[in-house]
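Down below is the structure, laid out as C-alpha cells.
Every number here is computed from the coordinates shown, using simple stated rules; none is lab data. Keep in mind that what you see is a predicted model, and the values were worked out from it rather than measured. Every residue, glycine as well, gets a Cβ built from its backbone with ideal geometry; the counts of neighbours run over all protein chains shown.
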Amino acid sequence: MNPRRQAAILQQRRTHHLASNADAYAFFNLLTGPELFDQVESLLPDHRERLFPPTETLSMFMAQALSADRSCQRAVNELAVKQLRAGLKPCSTHTGGYCRARQRLPVEMVSSLVRNTGNLISSNAQSGHWMGRPVRLVDGTTVVMPDTQANQDAYPQSRGQKPGLGFPICRLVGIVCLSSGAVLDAASGVSEARVATSRRCCVRCSIP
C-alpha cells in the first residue's frame, strides 16, 4: 500500500476514534486548558453563572454534534449523569434551558474559535508545504436547514424546487489546511455568486 495512503487511513481511524469518544467533559477541559483559555475568556458574552454558562453550553454542543444520537435530550441527560457522579445535586433533564442557552451563544465566538484552533493546529503541522509555502484547500458544500419562515427568508430554497415543497439551503465554503485537515476559515451564503465572492475574499484577505 502507498505509504501516504496508509498514513491517511491511520489518521482517519484515529480521528474517528477520538471523535466517537469525545464528550462534553473532554471539550470543556480543552476550552479551559492553557492553550485556549485566554481566547475563550476574551470571546465570552456578558452572562450570569447559570446551569448552562457559555463555555459549558459550547462543550455540550460540540459533543452533541459528534454524537451518533444528536438529540438535545441526550446532551442534557449526560450533564445530569456527570453531576450525579460528582456528588452534586442533579439538574432537571428538561431540554428547554439548554436549547435557549445554545441560542444565546454568539456566532462570532464560535467562528473565532474555529479560526484560532485551526491556525494553532496548522502551525504545528510538519508537512504539507509546496515550494516553502503551506498548501490550502478550498471546498464547498450545502446544508439543508429547518423549514421556518426566517430560514426561508434568509436562505431561499433552490430555484428548481416548486414553491412550498423545498427546504432552505445554506451554501458553505471553507479553507482547509492540507497537512492537518484543520478548517482555517469558512463563509456562508445564499447563492452561488455570494459563495464565489466569499471564496475570493477568504483566499485574498483571511489567509496569509
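The phi torsions of the stretch 98-115, fed into the Karplus equation with coefficients 6.51, -1.76 and 1.60 and a -60° offset, translate into couplings of 5, 5, 5, 5, 4, 5, 7, 5, x, 4, 5, 5, 5, 5, 5, 5, 4, 5 Hz, rounded to whole numbers, with Gly and Pro shown as x. Per-residue 3J(HN,Hα) values for the stretch 68-77, derived from phi via the Karplus relation 6.51 cos²θ - 1.76 cosθ + 1.60 with θ = phi - 60°, read 5, 9, 8, 6, 5, 4, 5, 4, 6, 4 Hz in sequence order (x marks Gly and Pro).
Between K89 and Y25, take the C-beta separation as r, use R0 = 22 Å, and let me know the FRET efficiency to the nearest 0.05. Please list the in-between numbers first.
Working: r = 18 Å, r/R0 = 0.81.
Result of the calculation: an efficiency of 0.80.
The tail of the calculated P(r) for the stretch 69-201 beyond 27 Å holds 45 percent of all Cα-Cα pairs.
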